[in-house]
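To keep things clear, I will list the structure first and then write my remarks on it.
All of the numbers you see were taken from the coordinates with simple rules; none came from a lab. Everything quoted here is computed from the prediction, not taken from an experiment. Cβ coordinates were reconstructed from backbone atoms using ideal geometry, including for glycine residues, and neighbour counts include every protein chain displayed.
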Amino acid sequence: MNKYKYNIDGLRAISVLLVLFYHVKLPLFSGGFIGVDVFFVISGFLITKIIYPKIKSGTFSYYDFYNKRIKRILPIFYLVLFSTIIAGYFILLPSDYILLLKSSLYSSFFAANIFTILETSGYFNAGTETMPLLHIWSLSVEEQFYFIWPVALYFLYKFNQKRKIVFLLILGLLSFFFAEFYNDTKLSYFLLPTRAGELMLGGIIAIWSPSVNFKKSNKEIFTLLGILTIFICSLYITKSTPFPGLWSLIPCFAALLILVFAEGTVISRVLLENKLSVHLGRLSYGMYLWHWPIVAYVTYLGVDFEFEVQVLILLTTYLAALFSYHLVENPIRYSNLNWNSSYKMLLLLPMSTITLLYVITWKFDGFEHRFTQQELSPLSNINDLSYFRGGVCFLSNDYSSFGLNYNKEICNKLSKDRKNVLLLGDSHSAHLYYGLNKVFSNTVNIIQANTSGCKVNIDAKSPSRCKELYSYIFDDYLIKNKNEIKEVWLASRWDIDDYNKVIKAIEKVKSINSNIKIVVFGPVPEYEYDLPKLMALDNIYKKTLVVKFLRKKPNEVDEYFSKKFNNVREGVSYISLYKLLCFNNKCSYVTPSGEPIHFDYGHLTKFGSLYLAEKIKTQYVN
């Protein structure tokens, strides 16, 4: 029997605290999310320690293994899921409540990471902070690994030790390299193939370390180095650091140092094996499960993360984990439930219940009767893309090819009696089309060429439809019609570092015909969450979330562009859309008739597009 390693509880405590500190926005811990990577290494280590000796001795049983996993993981897991669902009924808007149940359904089938890929734009992106079950993605990755790993070990255990270690090490490193160089950062963050390396490293150490002995002095040094490295990573790694990938090797390697060298060291006894560390380590699973729904709901309600709120979240998380550990987690974990009982009671029953709850919630539109029609009235404008001319002149992410899907006959038709203007850019260009076309219809013929995510810059990671768009416009269409096109209007969701790329696009147009005038439209205001949802929540909870969640970045970009484009060259104009809608950090978010200007974080509704176009006409004519 394996001796209980108290230092692992200490390492768990460090990991969960880093994650909690990061999520409650404590200063300094910008890289606290690396705690998840450390958890992966620990999980790979422990699971291999449990099953590998049994595989070697021929006593391993899949039924016994999964029965223990079910009793260990699922009781508190479903307790948190059902508690989150109940709380969400009283807090969430109907569409968000449906999304919560959908997330619960995916989580029940150990596919929360797949849900996150399908329903979000990335772990660190807008909207994810209010998804109560976002954190379950990591548990799904672990469970997926647990289905595969015993099979892999079963086929590998007969290899000699060296070959086995080398083979697994190569596979693990390939996982890290795949995460590093795969173009889609969202997929690389959430998928098992890009995370398996972290779990496998723990497994490799579990196989290798029993056969190696180390000097005590070296063990002290390496243990301290491992602990310090994890803390340094949590302080200096940020959400802008490419992650996972080669960077994630650093905290993972630090965790390996602790797993290999910590046992029997003074440093481990002091820092990892003290009563508080061991106590928190044993509660770490529950603390991880409970903390994020609390954080998400606090964020959803627009509560500021003041120090008192941070302390209250941490305390609530601890108490919830403490009670569930003693009342649910431990009693069921050490119960006499056999496979037949546990998988029916702890897996099939809650899984079926959540499936039924999702169907009912979807059928009844998220129980929208909880709120009045007036409170929910702004939501009728959510995600209205009907006026973008999608699939015709604007291609969303659903379209992989510009050439195959873009309708040149409709979108590129020239006019003989009106000024022909080319509207070029991404979806933040497409949302201007409706209003501009209405306002300037008597004098201007707008030629629309827009695809989602395609600013005027194209790089190696651009989707093929972006490259095809700009190749067609600059190398074909504009050259053939250089005398007919009188102006080019550029609009996109700009960043500050897009300026030089815009200049290159301007130079490209001018090289084709120097008489073509160019108008660059600046960014529109943006919000951290969908504007109609913020308006609805303001109606329900009598708050000012619209003002609170106005993003600063568009204003910063607009200020920068306004200065840089001031007299940049003849025939180039810049129009600040931000200043047309905002004054003194206060932005108009409804039209004079009361319609939301944006249907999501920043895209214009057709009412907003028309409202802004009227303002553009005033400035443009002048």
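Relative to the longest principal axis of the Cα atoms of the chain, the long axis of helix 349-363 makes an angle of roughly 10 degrees. Shape class for segment 323-365, computed from the alpha carbon gyration tensor (a ≥ b ≥ c): oblate, with a/c not under 1.5 and a/b at or below b/c. Placing dummy labels 7 Å off each Cα toward the beta-carbon, the span from Ser593 to Phe181 is 5.5 nm.
Taking GluC sites (Glu not before Pro) across segment 537-611, the ones in a DSSP loop with at most 14 further Cβ atoms lying within 10 angstrom of their Cβ are Glu570.
Pull out a ≥ b ≥ c, the square roots of the eigenvalues of the alpha-carbon gyration tensor of segment 194-254, then state rounded if a/c is under 1.5, prolate if not and a/b is larger than b/c, and oblate in the remaining case. Oblate shape, in that a/c is at least 1.5 and b/c is the bigger or equal ratio. Taking segment 66-88 and a reference point 7 angstrom along Cα→Cβ of Phe367, the backbone N atoms nearer than 11 Å belong to 85-88. If R0 equals 45 Å, the separation of the Cβ atoms of Lys216 and Thr128 corresponds to a calculated FRET efficiency of about 0.50. Computed per residue of the chain from DSSP H runs no shorter than four, each worth -39500 (n - 2.57), the mean residue ellipticity at 222 nm is -18000 deg cm²/dmol. Using 0.36 nm per residue and subtracting the Cα-Cα separation, the extra length available between Asn567 and Asn585 on full extension is 3.9 nm.
Put in order of Cβ neighbour count within 10 Å, fewest first, the listed residues Lys408, Lys102 become Lys408, Lys102.
Residue exposure proxy: His279, His369, His23, ordered by other Cβ atoms within 10 angstrom of their Cβ from fewest to most, comes out as His369, His279, His23. What is the antiparallel percent of DSSP beta bridges lying wholly in the chain, to the nearest 5? Among the beta bridges of the chain, antiparallel pairing accounts for roughly 15 percent. Relative to the current alpha-carbon distance between Glu484 and Leu356, full extension at 0.36 nm per residue lengthens the span by 40.1 nm. Mind checking the angle between helix 34-57 and the chain's longest principal axis? C-alpha axes, 0 to 90 degrees, to the nearest 10. Between the helix axis and the principal axis of the chain, the angle is about 40 degrees.
Legend: residue pairs Lys455/Lys606; Lys162/Lys215; Lys56/Lys164; Lys467/Lys517; Lys363/Lys543, Cα-Cα distance threshold 18 Å; pairs beyond threshold, Lys455/Lys606; Lys162/Lys215; Lys467/Lys517; Lys363/Lys543. Residue separation of Lys416 and Lys504 scaled by 0.36 nm, minus their Cα-Cα distance, works out to 28.7 nm of gained length. Restriction of the chymotrypsin sites (Phe, Trp or Tyr not before Pro) in segment 202-295 to DSSP coil positions whose beta-carbon has at most 15 other beta-carbons within 10 angstrom yields Phe214. With respect to the chain, whose longest principal axis is taken over its alpha-carbon atoms, helix 553-564 is tilted by about 40°.
For Asp184, Asp530, which order do you get if you count the other beta carbons within 10 Å of each Cβ and list the fewest first?
Asp184, Asp530
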